[in-house]
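To start, the structure under review is shown below, and the notes come after it.
The values are calculated or read from the model by the stated rules, or taken from the named source; none is laboratory data. Remember, it's a predicted structure, so these values are computed and weren't measured experimentally. As a convention, Cβ positions derive from the backbone with ideal geometry for all residues, glycine included, and neighbour counts pool all protein chains shown. What goes into the accessible areas is simple: the full protein's heavy atoms, side chains included, and nothing from ligands, DNA or RNA. Shrake-Rupley method; radii C 1.70, N 1.55, O 1.52, S 1.80 Å.
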Amino acid sequence: MIVGFAEHVAGKTVLIAAAGCAAGVVLAQGLARAGAQVIVIDREDRRCQALARLVPGRIETLALDVLRPSVCARLGALWGQTPIDLLIHLQPLRMAARLGAVTLGIAGLSRALRPGLRAGQGRSLIVNAVPCAGAGAAERACRLGLDHLGGYLAQEAGGAQPVHTLRLLRAEGLRRGTTAALSVVLEPAIFLGFAPGGEGGVQSSCVTVCAACD
């Protein structure tokens, strides 16, 4: 946990979309232990339940496919204006083989939950991966587009809801489960999601970290 940030995390409501991946484990567990109320969303209920068992009472579950526009719309209608402090998108990691659908899904879910983000004066965080050396043209193009999506979504929201992007270099390092690999995701996510920012602050940024560094 970043020194001085526990007070900004405690009591906050955090939604993690497509949480059933290594980064979801890191973020759900870290944020819940810091005092946030975390809602994990994934298409597989068993993965949601496994996450909930990490910090009982602090992690709630929703088994939903957030790449389906109708599902996103229904979730937004049910959620309404309940405040959201941070919405984390892990679709680019969880559904890496469907990056075109991921782009549309992130935009759709962001729009659906915009009233809740507005009510909580919240932020969004897109977690993307830097393409590996052997990545094809389509993957490179899609991931480049995802790097810019946050800025476009922030503009679309009229600058009232910041959207930041965290790019993971060598994202496969997360699967090793080392302390360095895990903290290098959690700490910048907390900073981008909860760093104090006054009126007129940065509405969009793109930060790259190496998930496999020591």
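Listing for the model above:
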quantity: Flag if Gly134 is outside any loop (DSSP other than H, G, I, E, B) and of a type in the set (Gly, Ala, Ser); calculated: no
quantity: Residues within the range 22-51 that are open to solvent by less than 20 Å² (accessible area, probe 1.4 Å), in a helix (DSSP H, G or I) and free of Cβ contacts under 8 Å to residues at least 60 places away in the same chain, tallied; calculated: 4
quantity: Within the range 185-214, tally of residues that are touching a strand residue (DSSP E or B) at 6+ places or on another chain (Cβ under 8 Å) and either at positive phi or at pLDDT 80 or above (or both); calculated: 14
quantity: Count of the range 52-83 residues which are open to solvent by 40 Å² or more (accessible area, probe 1.4 Å) and part of a helix (DSSP H, G or I); calculated: 7
quantity: Leading residue by the ranking (farthest from Leu117 (Cα to Cα)) among those in the range 84-98 that are part of a loop (DSSP other than H, G, I, E, B) and open to solvent by 20 Å² or more (accessible area, probe 1.4 Å); calculated: Ala97
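Residues checked against (1) modelled with pLDDT of 95 or more; (2) within 20 Å of Ala73 (Cβ to Cβ); (3) under 13 Å from the mean Cα position of the chain (by Cα); (4) hydrophobic (A, V, I, L, M, F, W, C):
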| position | (1), (2), (3), (4) |
| --- | --- |
| Arg98 | yes, yes, no, no |
| Ala112 | yes, yes, no, yes |
| Ala137 | yes, no, no, yes |
| Leu144 | yes, no, no, yes |
| His164 | yes, no, yes, no |
| Leu168 | no, no, yes, yes |
| Gly177 | no, no, no, no |
